[in-house]
Amino acid sequence: MSEDFKKVISVLKYWDMYLERPNRDYGSRFKIQKLTYLCKSMGFPLKYQFTLYISGPYSTGLTRDYFNAPQLIETLETDYILNEVDLEILDKINEYVLIHPITNNYESEFLEAVSTVDYLKKRYPDMLDDEIFAKTKEVKQYLKDSIVVIAINTVKKLLFKPEFLTEEVEEEIDIWDKAED
């Protein structure tokens, strides 16, 4: 088993996310792909390479690993121990993505939107939010506009560094938070 896959298992275990075997369940594969991408994007030490695919960021290496050891997704057995930085990343993803109220009804769509928006923001760092929105809708026409807007706001929160918090930024965050309600 690859060292990266041990890390993925430890992430799922930390979130107490017992899933069906990925070789039998598309939902498990989807969730593993999107959450692993977000972890890597946030700085979790993973070597998996991701490209934008039909349902958002996708890694063939990750796919190979979970098809080679699908039982580990069910048992969550790993010897990788998460460190403090890992836990900060996982807690941030949990707070802004996994327990976001929209996941009650639109979990898959939200994961796809957040991971896609994040991927596009990383690939095109100079794009403005309205351009990110348009590009996301171009490649994901079936996603609701409101989900894409909430995803853009969520990615801002995920990528935000506290040292850049100014009064002006706080006001913009408040406006976006009110728009979600």
**Asked** Which pairs have Cβ atoms under 9 Å, sit 6 or more apart or on different chains, and link a residue in the stretch 20-37 that is among the aliphatic types (A, V, I, L, M) to one that is buried (at least 21 other Cβ atoms within 10 Å of the Cβ) and at pLDDT below 90?
**Response** Ile32/Pro22; Ile32/Ile73
**Request:** Check Lys140 against each of (1) under 14 Å from the mean Cα position of the chain (by Cα); (2) within 18 Å of Gln33 (Cα to Cα); (3) not aliphatic (A, V, I, L, M) and name the one condition it does not meet.
**Result:** (1)
**Message:** Just to be sure I understand, how many residues within the stretch 66-84 are within 19 Å of the chain's Cα centre (by Cα) and at pLDDT 95 or above?
**Reply:** 1
**Complete:** When every residue in the stretch 33-65 that is within 20 Å of Val97 (Cβ to Cβ) and of a type in the set (Ser, Thr, Tyr) is compared, the one surrounded by the fewest Cβ atoms within 10 Å (Cβ to Cβ) is Tyr53
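The values are calculated or read from the model by the stated rules, or taken from the named source; none is laboratory data. It should be emphasised that the depicted structure is a prediction, and the values quoted were computed from it without experimental measurement. Don't worry about glycine lacking a Cβ; one is built from the backbone with ideal geometry, like all the others, and counts go over all protein chains shown.
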